[in-house]
Amino acid sequence: MNLNLKQTIIAVLTFGGGTALLCLLTFIHINQGNVSIPLGTVVDALLNPQDTIKHHTVRILRLPRAVMGILAGGALAVSGVILQTVTKNPLSSASTLGIHSGTYFAVVLTTIFFPFIMFANGIVTAFLGGILTFAAVYLLSGAGNATPVRMVLAGMIVTFLFSSLTSVLQIFYENETQGLFLWGSGTLIQNNWDGVQFSLPLIAAGMLTAFIFSKKMDTLTLGDDVATALGQNVRIVKLITILAAVLLTSVTVSVVGPIGFVGLVAPHIIKLIGYRSHIPLVIGSFLWGGNVLLLADILARIIDPSFSELPVGAITALIGSPWLIWLVMRMKQSQGSGDTGTIMAGSGEVNLSLKKLLPLLGAVIVLTILVSMSSGNYGFEPLVAWDAFFGASNEFIRNFILNLRLPRALVAVFSGAILAVSGLIFQGVLRNPLADPSVIGITSGAGVGALMTMYVFSVSAVWIPVGAMIGAFVFFLIVMGLGAKAEFQPTILALLGIGVSAFGSAIIQILVVQADLGVASALTWLSGTTYAKGWSQLLQYLLWPVILFIPLLVFYIKTLDVLSLGDDTAKGLGLRVRSVRFQMAMIATLLAACSVAAVGSIGFVGLIAPHVARLLVGSANQKLLPVTMLLGGLLLLVADLFSRTLLAPNEIPSGILVALIGAPYFLWLMKKRAA
C-alpha cells in the first residue's frame, strides 16, 4: 500500500473516527437518565428550544455535563502530553505525578480556612497547589537524574500523603466540606452552563500554549543538549509548558474534581497509532481524552442503573490502572540491574542485644497501654487504670477500661504486629526494601474482599476475614505474577503494586458509594481506624492468626536469611526456593488480610517497623521477627493514642497518622536507594 495512502487512512480513522465516536458517545450520554429522550427531541432542544421539561433537561442539565466531560477529558489528555514530553517520562500524567492530589488538597484547605479567597472556583489555589506538588515530586525523584519509574513512584507516594491530609480535613470539617467527597472522587455533574463558561477560556489558553510550543516540544524530544544547540531556551520552554499543563489540570480539578489516568491513557492511544509530532498529538489526545472521559461517565451510570452518582474518577481508575501496569511492564528493562533490592536499608547499624531490647520494648508497650487507657475524652490517672485490673476502682471505670479502652489498645497492638511481620516477610521473600502489604496492593485487595463480603453478599460478619483473605490472595497472585515477569525489581514491583492498589481503591470507592456510607465513616474506613474496636475484633480477626502463624514463622524464618543470599546460592544450599517463597508470601498475605478485616486499610506499618528493627538488631531474621512484631504493635498503639488525644474530642483515623509518617519515610528510603 502506498505510504501516503496508509497515512491518510490512519489519519481518517484516528481523527474522523474519533470525532464520530465522540458524537455517538455524546448522544448516548445525553440520553442517559431517569427519562429517555429521543434523538429528535435532543435535536429540537438544540435547534428549536421550547419551554418543556425535556428541552430544559437537555439544555440545562445533560448537555452541559457532556460538554464538560469533553473539555475536561481533552484538557487532562493535553496536560498528559506536555508532562510526558517535558519530563521525558511516558508514565507521566497529572494523576501519576501527584498534581491532582496537590490541587485537591489546596482547594479543600482553602475552602475550610480561607473561604473568602475561593473566587473563580478556587482556580488560583488549585494552580498554586499543582505547581508546588509538581516541584516537590520532581525534586524528590532526583530532578534531571530521575528515572521514569522513580518519578511516578514519588508522585504516587506524594498522592498518598496529600490524600491522608485531605482526609483529616474532611473528617473534622465535614460541614465545611459537605459535597466535596463525590467531587473529590471526580464527578461531571453540572446544573447549568457556569462550569463550561468558566473553564472554556482557560482550557483554550492552555491549548493555545500547547499549539504554540508544539514545535519546541518536538525539539525537546531530541534531548536538552540538542535543543540547546539548536538555539532553544530549554528552561523557558519547560517552565511555560509545565505552567500550561498545571493550568489545564487545575481548571478541571476546580470544576469536576480530580479525575485520574485520562492524561495517561489518551496520549498513549495516539502514540500507539504512530504519531510523535506534537501538533497531531495535542489534537488527537484532546479528542480521545474526551472520548475516554465520556465513556467512563456512561459506564458509571450503567454500573448503577438507579442513577445515584458513582464517581467517574473511580471508573477512569478502573480503566487507567491496568494501562499504567501495562506501561510499567513495557518499561521494565529500563531499570538498572543493580536495583535488585538485595541490600536492606539500615542493616546492622546498632545491633543491640535481644535480652535487653525485648523487655524494654515490652515495658514501653505496657506503659503506653496504661497511658492509652487513662487518656482521652474521659481521662484519669494511670494508676486508676492499673487499679481497674485488680477490682480496686468503681464499676463504671472498670467497665470503661476493661471493655472499651483495653480491647481497643490490644487491637492496635495485634494489628500493628501482624502488619509489621507481613512487611518483614515480603521484604525478605522479594529481597525488596520497599515491600509492604499496602505498597504492593495486598491491603487494597483485602479491603475489596472485606467490603464485598459486607455489602455485596450481605453475609455474617464472621465471613469478613474470609472475604478479606480471598481478596488479598487474588491481588497477591496478580502482583506476584506481574512481578515475576519484571524479575521482582524493587521499584518496578512497588509501582505495579500501586497500580493494582489504584484498581482496588476504585472498586472500594464504588462499593462505599453504593453502600451509602456517610462521608466521615467512609473516609475513616478507607484510611484504617481502631475506633470502636473491641474484644470481638480481637478474638475473631487477630488472636487466631498470631496463635496459628507466628509459630510457623519461627520455624520458617531462617529461610529468609538464605533467600537473601540470592536464588542460586539458596538452591545450592538445598532450599526449594519457589515453594518456600510462595508459602512465606501466602502467610504474609493472610496476616495482612486479617488486619484489614479488623481495622481497615492501614498502610506503611509493614514498611517502617522492619527497617527500624534492622537499625536496632541487624539483618538476622531470627532476631528481626520478635523486634519487628513489638515495634509494629507499638507504632500502631502510639498512633491510636494520638488519634484520640491530638484533637480531642475528635478522632483522627489511626491509618492516616501512620501514613503521615510512612509516606515521607518511603520517599526518604527511595531517595537513599537512588543515591
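The values are calculated or read from the model by the stated rules, or taken from the named source; none is laboratory data. All figures in this text were calculated on a predicted structure; none of them were measured in a lab. Because the Cβ atoms are built from the backbone with ideal geometry, glycine has one as well, and the counts that use them run over all protein chains shown.
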field: Single residue of G186, G142 found to be at positive phi and surrounded by fewer than 23 Cβ atoms within 10 Å (Cβ to Cβ)
entry: G142
query: Restricting the search to region 192-211, which residues are within 17 Å of G69 (Cα to Cα) and either without any contact (Cβ under 8 Å) to a residue 40 or more places away in the chain or of a type in the set (D, E, K, R) (or both)?
result: D194, Q197, P201, A204
query: List the pairs whose first member sits in region 399-420 and is without any contact (Cβ under 8 Å) to a residue 60 or more places away in the chain, whose second member is crowded, with 21+ Cβ neighbours inside 10 Å and of a type in the set (G, A, S), and whose Cβ atoms are under 7 Å apart, counting only residues at least 6 apart or on separate chains?
result: I401/A385; I401/A388; L402/A388; R405/S372
message: Looking only at region 455-471, how many residues end up being surrounded by 19 or more Cβ atoms within 10 Å (Cβ to Cβ) and within 16 Å of S536 (Cβ to Cβ)?
response: 3
- line: Across (1) in contact with a Lys or Arg (Cβ under 9 Å, 6 or more places away or on another chain); (2) at pLDDT below 85; (3) more than 30 Å from A639 (Cα to Cα), Q84 clears everything bar (2)
- prompt: over 30 Å from the mean Cα position of the chain (by Cα), part of a helix (DSSP H, G or I) and among the hydrophobic types (A, V, I, L, M, F, W, C), is that true of A244?
  reply: no
task: Kindly establish whether T41 is of a type in the set (S, T, Y), in contact with a helix residue (DSSP H, G or I) (Cβ under 7 Å, 6 or more places away or on another chain), at pLDDT 90 or above and surrounded by fewer than 24 Cβ atoms within 10 Å (Cβ to Cβ).
output: no
- line: Exception for T559 within (1) surrounded by fewer than 18 Cβ atoms within 10 Å (Cβ to Cβ); (2) over 25 Å from the mean Cα position of the chain (by Cα); (3) without any contact (Cβ under 8 Å) to a residue 40 or more places away in the chain falls at (1)
- prompt: So which residues in region 212-240 are touching a Leu at 6+ places or on another chain (Cβ under 6 Å) and in contact (Cβ under 8 Å) with a residue 40 or more places away in the chain?
  reply: none
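For every residue, the table says whether it meets (1) farther than 20 Å from L76 by Cα; (2) of a type in the set (A, V, I, L, M, F, W, C); (3) part of a loop (DSSP other than H, G, I, E, B).
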position	(1), (2), (3)
F160	yes, yes, no
S164	yes, no, no
E174	yes, no, yes
W183	no, yes, no
G206	no, no, no
T219	yes, no, no
- prompt: Do we have any residue at all in region 16-25 that's farther than 15 Å from Y275 by Cα and polar (S, T, N, Q)?
  reply: yes
- line: Reported set for region 627-647 where residues are among the hydroxyl-bearing types (S, T, Y) and under 16 Å from I602 (Cα atoms) is S643
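Check V86, V78, V43, V67 and return the single one that is of a type in the set (V, I, T) and more than 22 Å from D297 (Cβ to Cβ).
V86
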message: Here's a check for you: in region 61-104, which residue that is β-branched (V, I, T) and in a loop (DSSP other than H, G, I, E, B) is surrounded by the fewest Cβ atoms within 10 Å (Cβ to Cβ)?
response: T87
- request: Say whether the condition of being under 28 Å from the mean Cα position of the chain (by Cα) and among the charged types (D, E, K, R) is met by at least one residue in region 233-240.
  value: yes
